[in-house]
Amino acid sequence: MKITNIKTVVVNAEMRNWVFVKVETDQAGLYGWGEASLEWKTRAVVGCVEDFAPMLIGEEVDRIEHLYQKMYRQSFWRVGVIGMSAISGIEQALWDIRGKVLNQPVYKLLGGAVRSRVRMYTHLGGGDMRAVYETAGAQDAQLFVDRALEVVAKGYTAVKVLITPPTEALNSIADYKYAARVMEAMRLAVGDDVDIMIDCHGRHSVANAIEFCRVLAPYRPYFIEEPVPPENADLMAEVRRASPVPIATGERLVTRHQFRELFEKNACAVIQPDLCHCGGLWEAKKIAAMAEVYAMGVAPHNPLGPVANGAALHFALSTPNFLIQEDMLTDVPWRWEVVQHALTTKDGYWLPTEAPGLGIEVNETAAARHPFKQEVIHATTVRAQDGAVLDW
Ligand SMILES: [Mg+2]
């Protein structure tokens with residue numbers, strides 16, 4: 001069975017454009033879906049999928065490792081996150097086809113289930129909300145408390161928040177007090193049975209990051225994520241050594257090669273590959289296996305579209321050191337209308353499916369109602385007091 005065509009379907013979901021990848025075969029009605037969404041680089045990823053198509057058309061569809069090698073190595077240039085997102089979407093679609101051919105869910109082709117359900121968390125957002133609170137009357141923690149309680153009421157046992165402000169190389173005491181105040185209020189509201197993760201978006205210097213870890217530690221965050229920029233594993237390792245809170249990172253790294261330094265430097269407790277960027281399901285399994293040697297957990301990043309959820313379910317079910325999965329709740333109300341799927345959730349967990357492949361199909365007619373639009377680029381509003389650009 002050979003690949004005959006590869007195309008993308010782009011769906012604008014306001015915060016981001018979802019890039020769904022469809023791989024078609026010479027067997028009538030047999031095709032697979034994957035997801036390659038990458039914020040603010042949608043057109044580049046779509047172009048990359050088009051660039052890869054001539055390498056793949058006419059190839060045997062079941063040679064997934066071979067086709068990955070072809071895309072990765074025969075590109076000559078290491079393709080970075082844009083190209084690896086394209087590869088990831090294509091690779092997921094190949095697994096979807098394989099599962100449909102064998103009439104098996106993909107997790108059964110990736111080693112089979114090692115757990116009976118998949119724990120989820122959702123991101124409550126955040127950023128630098130202090131200006132909003134100052135205007136509203138200094139009730140700064142209430143917004144996060146309300147969001148957390150809403151999610152917990154849906155059955156979730158874990159949430160993530162962005163409460164450390166964008167900063168320069170050194171912070172003021174007010175920044176630390178703000179983060180501690182919000183964290184304390186959330187902990188009091190949700191109790192000890194709900195885990196709270198802190199996302200930092202790589203905003204901080206080592207000195208800032210260590211101080212945030214210390215002031216938040218009494219409220220026992222589950223982990224602190226990307227406390228320093230992700231491209232420097234030495235800095236991450238330095239924070240890990242000094243932090244009383246476990247460190248997580250990896251959402252912006254792709255392939256085993258970029259994760260390698262984290263392992264060699266024992267730079268974190270938890271890795272967070274994104275299955276739509278890191279190279280796909282099989283590459284994520286390899287990265288997770290490397291992490292297993294270092295007793296690190298795996299908490300895959302996933303704020304993307306519904307096909308990404310499908311891929312994430314099969315990875316989580318079949319990966320022994322999987323810890324917890326990010327799930328998106330707050331993008332668009334019609335999220336599940338652009339797909340048909342066999343995914344079910346119960347009490348904050350995803351349940352296994354027996355549907356063949358990834359268990360998710362894009363409804364191209366429904367998808368066409370939400371064509372590509374330029375996303376808002378939030379980062380343009382994040383500035384230091386003096387106007388300098390900061391990580392957001
Ligand atoms: Mg993050």
Provide the per-residue ³J(HN,Hα) series for the range 23-28, in order, calculated from phi with Karplus coefficients 6.51, -1.76, 1.60 and θ = phi - 60°, each as a whole number of Hz, with x at glycine and proline positions. 9, 9, 10, 7, 9, 3
Using the Karplus equation 6.51 cos²θ - 1.76 cosθ + 1.60 (θ = phi - 60°), what ³J(HN,Hα) coupling, rounded to whole Hz, does each residue of the range 2-12 give in order, writing x for Gly and Pro? 10, 6, 10, 7, 9, 9, 10, 10, 9, 10, 7
Considering only the chain, percent of DSSP beta bridges that pair antiparallel, nearest 5: 55 percent
For the range 3-105, what's the relative contact order in percent, using C-alpha pairs closer than 8 Å and at least 6 residues apart? 32 percent
Mind checking the angle between helix 306-318 and the chain's longest principal axis? C-alpha axes, 0 to 90 degrees, to the nearest 10. 90 degrees
What number comes out for accessible area per residue over the range 3-105 if the probe is 1.4 Å? Units Å², please. 40 Å²
Mean separation of Cα contacts under 8 Å (6+ apart) over length of the range 108-354, as relative contact order %: 21 percent
Under 5 Å between amide H atoms, partner at least 5 residues away or on a different chain: which partners does Gly125 have, H built in plane at 1.01 Å? Leu162
Excluding residues fewer than 8 positions from Lys41 in its own chain, the lysines with Cα under 16 Å of it are Lys373
Shape call for the range 256-337 from the C-alpha gyration tensor, a ≥ b ≥ c root eigenvalues: rounded (a/c under 1.5), prolate (a/b greater than b/c) or oblate? prolate
Setting aside same-chain residues fewer than 8 positions from Lys177, which aspartates and glutamates have a Cα under 16 Å from its Cα? Asp128, Glu134, Asp140, Glu211
Going by accessible area, probe 1.4 Å, with all protein chains left in place, what is the ranking of Leu329, Leu304, largest first? Leu329, Leu304
Distance cut-off 28 Å, Cα to Cα: go down the list Lys22/Lys265; Lys2/Lys285; Lys22/Lys286; Lys22/Lys70; Lys70/Lys286; Lys108/Lys265 and report the pairs above it. Lys22/Lys265; Lys108/Lys265
Dimensionless Rg/Rh of the chain - Kirkwood Rh, Rg from C-alpha atoms: 0.97
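The values are calculated or read from the model by the stated rules, or taken from the named source; none is laboratory data. Bear in mind that the values here come from a model prediction, so they are computed numbers and not experimental data. For the accessible areas, the whole protein counts, side chains as well, though only heavy atoms, and no ligand, DNA or RNA atoms are used. Shrake-Rupley method; radii C 1.70, N 1.55, O 1.52, S 1.80 Å.
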